[in-house]
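Report on the following structure.
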Amino acid sequence: MATYQLSNTATQINNFLTGYIHKDSTNIFAPSKDSFVCAGLNNNTTTGLYSIIGGGLRNTGYSNYSSIIGGQDNFISGNHSSIGGGRFNTGLSNYCFIGGGDKNNIQISGNQSFIGGGASNSIATGAYSTIVGGLNHTISGEYCSILGGRQAKISFGHNGAAVLADGQVRDHFSKGAQTCSLDFANGVYLRLPTFAGIKTQTGNIGELKVSGQFLYIATGQDTWGRVQISSF
């Protein structure tokens, strides 16, 4: 049976450490103040004020008002930021959040951004951006979003872009600023409402409806045009 002992160290008043960890390993505070390490193995915070590490293995916090709840080898240096768990996740920006996953990172200019989970996802230069999950996504624009899938790429300058991608092993690129790209190898299916009435019925520009062999498009406020859908 393994031997455990209490081997935590704090060097600033108002810090609190607790828990049993493996012998020859320590939870360490350096110049921190009013911070907290609950338990785990080799967790440390060296300069973070008013911060917390809940547990886990080799988690490191160098930021103020931040938290790492658990997991392994997570690193945080952005103020007012949080990592929930997972492993090898990195949060370098302020007001960012990584829920978990593996090797996800938010770089220093990705303030107020979010990665929910997945693996090897990166918010490189985009503030106010979101990656919900998936694998190998990259965001380099502001106010951008990727919901899931694989290898979605939002390029620098494509602010406000969104990409919804499938799981194929290929890049799925954004098309420009303020665009939404739907990239699915086997198609995208839309269920449109039925057009019924006169051509001046209520509608907003860009709205789509369908009836019989015609696709109706609102070309202005309460103004509609239509194109015939050819049979084949």
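The values are calculated or read from the model by the stated rules, or taken from the named source; none is laboratory data. Note that the structure is predicted; figures quoted are calculated from it, not measured. Virtual Cβ from ideal backbone geometry, glycine too; neighbours counted across all protein chains shown.
How many of the residues making up region 108-123 are buried (at least 20 other Cβ atoms within 10 Å of the Cβ) and either under 19 Å from Val163 (Cβ atoms) or small (Gly, Ala, Ser) (or both)?
Count: 8.
Examine region 61-70 for a residue that is buried (at least 24 other Cβ atoms within 10 Å of the Cβ) and either of a type in the set (D, E, K, R) or at pLDDT 95 or above (or both), and state whether such a residue exists.
Among the residues of region 61-70, not one is buried (at least 24 other Cβ atoms within 10 Å of the Cβ) and either of a type in the set (D, E, K, R) or at pLDDT 95 or above (or both), which makes the answer no.
Hey, can you tell me all the residues within region 177-232 that are surrounded by fewer than 11 Cβ atoms within 10 Å (Cβ to Cβ), in a strand (DSSP E or B) and among the β-branched types (Val, Ile, Thr)?
Of everything in region 177-232, those that are surrounded by fewer than 11 Cβ atoms within 10 Å (Cβ to Cβ), in a strand (DSSP E or B) and among the β-branched types (Val, Ile, Thr) turn out to be Thr194, Val227.
Residue-by-condition table, conditions (1) under 24 Å from Asn64 (Cβ atoms); (2) hydrophobic (A, V, I, L, M, F, W, C); (3) not in a strand (DSSP E or B):
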site	(1), (2), (3)
Ser93	yes, no, yes
Ile108	yes, yes, yes
Gln112	yes, no, yes
Thr125	yes, no, yes
Tyr128	yes, no, yes
Val163	no, yes, no
Arg170	no, no, yes
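Restricting to region 52-73, what's the tally of residues that are closer than 15 Å to Ala39 by Cβ and under 19 Å from the mean Cα position of the chain (by Cα)?
6
Check Thr202, Thr138, Thr179, Thr194 and return the single one that is free of Cβ contacts under 8 Å to residues at least 40 places away in the same chain, touching a Gly at 6+ places or on another chain (Cβ under 9 Å) and of a type in the set (Ser, Thr, Tyr).
On the way: Thr202 fails: touching a Gly at 6+ places or on another chain (Cβ under 9 Å); Thr138 fails: touching a Gly at 6+ places or on another chain (Cβ under 9 Å); Thr194 fails: touching a Gly at 6+ places or on another chain (Cβ under 9 Å).
The conditions single out Thr179.
Of the numbered conditions (1) outside any loop (DSSP other than H, G, I, E, B); (2) more than 19 Å from the chain's Cα centre (by Cα); (3) not aliphatic (A, V, I, L, M), Lys153 satisfies every one except a single condition; which is it?
(2)
So, in region 167-213, how many residues would count as being among the basic types (Lys, Arg) and farther than 30 Å from Gly148 by Cβ?
Within region 167-213, residues that are among the basic types (Lys, Arg) and farther than 30 Å from Gly148 by Cβ number 1.
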